[in-house]
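Enquirer: Provided herewith is a single structure, encoded as structure tokens, for subsequent inquiry.
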Amino acid sequence: MAAPKRKKSKAKTAMRKAQWMRKLSLPGLSLCPECGQPKTPHRVCPHCGYYKDKEVVEVV
Ligand SMILES: [Zn+2]
């Protein structure tokens with residue numbers, strides 16, 4: 001079986017663990033690339049009204 005050539009660095013392990021922690025704290029949510037707030041994936045962001053780099057709805 002193929003084996004990794006090098007031991008994974010502490011930084012790489014920490015990066016992976018950080019992603020895992022994010023998943024635990026925000027189940028079924030992603031972060032909006034526009035405002036950075038958690039939002040439902042494949043839906044317009046309720047905080048800024050953006051979807052796919054464009055403002056599609058007005059936010060009051
Ligand atoms: Zn947003």
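Enquirer: Hey, R6 hits all of (1) surrounded by fewer than 10 Cβ atoms within 10 Å (Cβ to Cβ); (2) within 11 Å of the ligand (Cβ to nearest atom); (3) not small (G, A, S) but one; which does it fall short on?
Expert: So R6 meets the others, but not (2).
Enquirer: Separate question: Counting only residues that are out of contact with any Phe, Trp or Tyr (no Cβ under 6 Å at 6 or more places or on another chain) and more than 17 Å from S25 (Cβ to Cβ), how many does the range 36-54 have?
Expert: Qualifying residue count for the region: 12.
Enquirer: Please go through the range 37-60 and pick out each residue that is in contact with a His (Cβ under 9 Å, 6 or more places away or on another chain) and outside any strand (DSSP E or B).
Expert: If the condition is that a residue be in contact with a His (Cβ under 9 Å, 6 or more places away or on another chain) and outside any strand (DSSP E or B), then Q37, V59 are the ones that fit.
Enquirer: Now for a different question. So the check is Cβ under 6 Å with 6+ separation or different chains; which pairs have a first residue in the range 29-40 that's within 12 Å of Y51 (Cβ to Cβ) and near the ligand (Cβ under 6 Å from one of its atoms) and a second one that's modelled with pLDDT of 85 or more and of a type in the set (D, E, K, R)?
Expert: Cβ pairs passing all conditions: C32/K39.
The values are calculated or read from the model by the stated rules, or taken from the named source; none is laboratory data. The structure displayed is predicted, hence computed values, not measured ones. With ideal geometry, Cβ positions are generated from the backbone for all residues, glycine too; neighbour counts draw on all protein chains shown.
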